[in-house]
Every structure is written in C-alpha cells, then in structure tokens.
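Take a look at the structure set out below.
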Amino acid sequence: MTDDTTNTDGEPQTDGGSGPDGSEADQTVRSDGGTGIVAPDDETPTWRERKERTEGLSRLTYEYFERARSEDESLRRESDYVERDVLAFPTWPHETVRNLALTSFFVGMIIFLSATLPPHIGAPANPNSTPAIILPDWYLYWSFGLLKLGPLNPELAILGGQKLMADRTYGVLANGVIVGAITVVPFINKGSARRPVEQPFWAAVGMFGVTLAFTLSMLSVKNLMPMNVHLLFDLTFLAPPVVGAITYAVLKTMREGYMYDLNRRYYRLRPPK
Amino acid sequence: MSLEKKDEYDHKNWLESKDLTPVEATFLTALIWVDKRLRIVDYLELLESLYYRSNLQMPKSHTEQYDLDNKFWYWYALYTLGFFSTLAYVVAAISGALLGFYYVPAVGSAGPGEASIAYSQIAFIMQDLQFGFMLRSIHRWSAQVMTAAVFLHMLRVYFTGAYKEPRELNWLLGIVLISLTMVFGYSGYLLPWDQLAFWAGQIGVEMSLSIPLIGEWVAQLLFGGFSLSQATLQRMYILHVFLLPFVVTTLIAIHIGIVWVQGIAEPH
C-alpha cells in the first residue's frame, strides 16, 4: 500500500477525509483507530429548531432573531469555514469534575503550606546596619549568583591588566546573556523531535542549564555553604558540563531501546507489506 | 405613499400582523429597540451555541490516537504546571487584594531602625487583624508556589520540546512572563520595608546603576533615586499592585489563548 507511507510521512489528514489516493486513504485512517476527527454533524440546532422547541416570549425572540439573521445566514452559507466536531472526553461532567478536583487539591496545598509554614517579618529597615546575610527570595538566587562572577571577568593586557568593565556590570550583563540564550532556543533547535530521548543533545543542554541554575544558586549563598569558597566556585562551572555529558550518554544509550520499541509499535499499527 | 423605505425587515408591520398580547408586544418592541442599537443577536447566538456545545469535544490527542499512553504517562502530571501557576496567581491576586485593604506604602517619619508605617501595617495585619496572619501567609506561599510552578513549567516545556516550530512566540511570551513573575516577587519582597527588604532594594539599586549607559536612568525610574526612600516604596507598590497585575494578567490571557488556539504540544 503506497498510502501507508504518504499518510505517515507528511500530509496529516485533519478532516478525516480521503487523501490523494481517494478511497484507499480512508482504509488507512480506519486501520489506526481513526484520526479522532469526524465529519461535522447536526448536533447544534438551527435557529428554526431552537424556535420550535420553545414557546411564549422566548419563541418570539427566536422568531425575531430568525428574521434578523437571514442575511447573516446566507453569508455564512457562502463561507468556506468548516466546523469540526470531534469525539473525546466530554467537558461536563468528566472534564469539569476532574478540573475542579485538581483545583481544590492545589488550592488546598497552598493553604496547607501557609498554615504550617507562615512567614515572619524581620527587624525594620535600618540603612545604618548592614545585616550579615542579605539574600533575595530563592528564585532570584541564580541571578544573585551571577553577580559573584568577578573572577571570570577578563582582564585585558592592552588596558594594563585592567578589567574592561566593573565586576557588577559584568554580573548584570551575564543575566542578559542567560535570558538571551533561553530566548533563542526555539530558533536554533528545529525539527520534529520532542522527547529527550529523541534529542539527547538538547536534553543535555537543558540539564546543563538546570544544573548551572542550581550551582549558581549555591554560589550566591556561598557564605552559608559549609565548603571551601574556591572549590565551590570551580564546582559551579564544572558540575554543569559533567551533568550535561552524563545526560547525553544516558539518553544516547536509552535511545536505542526506545526507538526499537517505538518502531515495533509503529510497524504493528501499519504493518509493512 | 410615504417616503419611508419598506423592506422585508420592516419589523413594525411584522409586529402588527402578529396580533400579540400587550406583554408580548412590549417585550418584542424592547427587544427590537435594543437589538437595533447593540445587535445583541450576535451575543445571544454565541451564548446559545456555547450552551449547545457545552459537550464540545476536543480532537484526539496524538498519544490517544496512536495509543502511546502507557509510554508517556509519566509526563502528564507535568502538563498541569501551567494551570497550577495560573491558579496560584489567582489565589495570590485574591489574597493580595485583601491585604491591600490594610497595607499602606509609606515610610513616614521613621528613622533608621524604627518601624515605618508600612512595617507597622504589616505588624498590624499579622498581630491584630482577624485571620491576617493566615492571609499574609497565603499570599506569600501562593507567590512562592506560582514562581516554582512557572520555573517547572518552563522546564517541562523545554524537555518535551513544546517550544518548537509553531510555538516560538509563546515561548518568548513565556520568558517575558517568567521575568515579570520574578519582578512581581521582587517588588512584593520590598513592601514590608524590613531589613531584608531594604537591603534587597539596595542590591537592586546597585544592579540598575551598573547597567551600562542607561543605568542611572533605570535606577531613577524604578527606585526613585540612588538611595532608598519613600519614593522607592511607592514605586514598588504601584508596580506590584497596579502595573504588573494588568500587564501580567493580559499576558497570561494571551499565553493561554495561544495554547488554546495552537493546541497542546505532546511528545511524539
């Protein structure tokens, strides 16, 4: 069957209709359990039907609307917009009940946390006494860690060993570099691969980033870490590549098994000739 | 012969020909009057259609279609993180609005180390206000949870490759949102005007000052000067309760709207 390959390689048949090969494509669609999308049906009643189901003032309303609508109706009939009605999980009650359950669970979790670990308030602001430990909230630790990259700030021989920019400017710019790197990801990583096993390199880059965020956070609290500061600084930049490399190796190894399984599944659905 | 145009939409004649009771006639006249001006037929039809499609059915997902559930089930819990952060945002908004009834963003005449008005209002909320301690706790924790959920949401999107081709714009929007979330947290962190708030603000001022070229301008815009004062507190307050809520709520709506339009990207 030639349309086995045409159906899976490119052309998704979103309307469940026939492919380029006509009736044979329908056969293909059915063999994998359908595209999940069926032709529009007439579940949504027309104005006339709604009118006929009611009486009294609402019937009158529909009668008027039917008149008022006739122009728009003809426009709509001319348009080529296709409404798609498809079969799946109903919104009510299944989806709604599930969402309500999730919502109450999450809100309950927040309330439980607030009841068990309430925040306290420190001494009032005093510009004359700097506290021993100044820390932002935990989610800014990575950014705070970037401010402590002074030793990495390059010194230029031309400037007589002077630094091109102040250490803190360097740290602030590093924030921009990180945000910029995250921003360009979708423009560099193209293609249809999605799962980490399919793209070990990008998963490794991700693990590198996560680890870097973590180690930078550790660096930002270096006065609290029971550890040699220089060792901590070195680990901050050594750990991420190591974790990235391990991720890459593990995923490369896993990939073979995964692809074997996926291929088996795939060929079971569309047996080769 | 009148000059008035007579067309098939001559509702008045139609009304007369219907032989209606006074109630019906009044109702219909009012309906036509309003509809001529506001065209409520559009909205009513929309509502009706929504009603009839309350069992609106979504397309089969990729995993459903190819029966891959048993393969990828472990990702699915992570797909709720976006919803979770939105929910935490809503909880934070509600508790924040309630806190806003009592908080005052003023330093007052407090000297160094003395309780400012803002600080004593927080103390009032925590000590005297009925349920106030819990309220502040809920606000703080929902903010923490939101930030955590947003971070994890970003990781999920990264590792499932959900930022790919048609969805780059939403990834960019997400970066803006995560940054604004952190600004939200930072500006809220300064409001109690305790020691940590003050010195976190100090670091903020110094960070803005060290931006090349526009540093001083940024410091003045965000912090109202090069040292912390009433102006800083006021600006952080307006950021936290006025600017950011509008901007972030709008962006969240757009973010979710795009997800709705584009559908959820699943690993395949």
Using the per-residue mean of other Cβ atoms lying within 10 Å as a proxy for protection, in what order, highest first, do the peptides B:13-23, A:117-127, A:138-148 fall? A:138-148, A:117-127, B:13-23
Which of the trypsin sites (Lys or Arg not before Pro) found in segment A:166-225 are in a DSSP loop and have at most 10 neighbouring Cβ atoms, other than their own, within 10 Å? A:Lys190
Measure off 7 Å from each Cα along the Cα-to-Cβ vector at B:Ile254 and A:Tyr260, then give the distance between these two points in nanometres to one decimal. 4.9 nm
With a 1.4 Å probe and all protein chains left in place, how much accessible area per residue does segment A:138-269 have, in Å²? 56 Å²
To the nearest 0.05, the calculated FRET efficiency linking B:Leu47 and B:Gln220 through their beta-carbon distance, R0 being 60 Å, is 0.75
Theoretical FRET efficiency, 1/(1+(r/R0)^6), r = Cβ-Cβ of B:Leu78 and A:Ile246, R0 22 Å, to 0.05: 0.55
So what is the relative contact order for segment B:70-262, in percent, with contacts set as C-alpha pairs under 8 Å and at least six apart? 23 percent
For the pair B and A, the solvent-accessible area buried on both sides (1.4 Å probe; DNA, RNA and ligands excluded), in Å² to the nearest hundred, is 9300 Å²
In nm, the gap between the two label points placed 7 Å beyond Cα toward Cβ at A:Val97 and B:Glu114 is 6.2 nm
Quick one: grab the alpha carbon gyration tensor of segment B:70-262, order the square roots of its eigenvalues as a ≥ b ≥ c, and give me rounded if a/c is under 1.5, else prolate or oblate depending on whether a/b is larger than b/c. oblate
So with the 1.4 Å probe, I'd like the accessible area per residue for segment B:92-224, rounded to whole Å². 42 Å²
Which of the DSSP-defined H helices in chain B satisfy a minimum axial length of 20 Å, computed from C-alpha atoms, and a minimum mean Kyte-Doolittle hydropathy of 0.0? B:22-38, B:81-100, B:132-159, B:168-190, B:195-209, B:244-262
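The values are calculated or read from the model by the stated rules, or taken from the named source; none is laboratory data. Since we're looking at a predicted model, the values are computed, not measured. So basically every Cβ, Gly included, is an ideal-geometry build from the backbone, and we count neighbours across all protein chains shown. Only protein heavy atoms, including side chains, enter the accessible area calculation; ligands, DNA and RNA are left aside. Shrake-Rupley method; radii C 1.70, N 1.55, O 1.52, S 1.80 Å.
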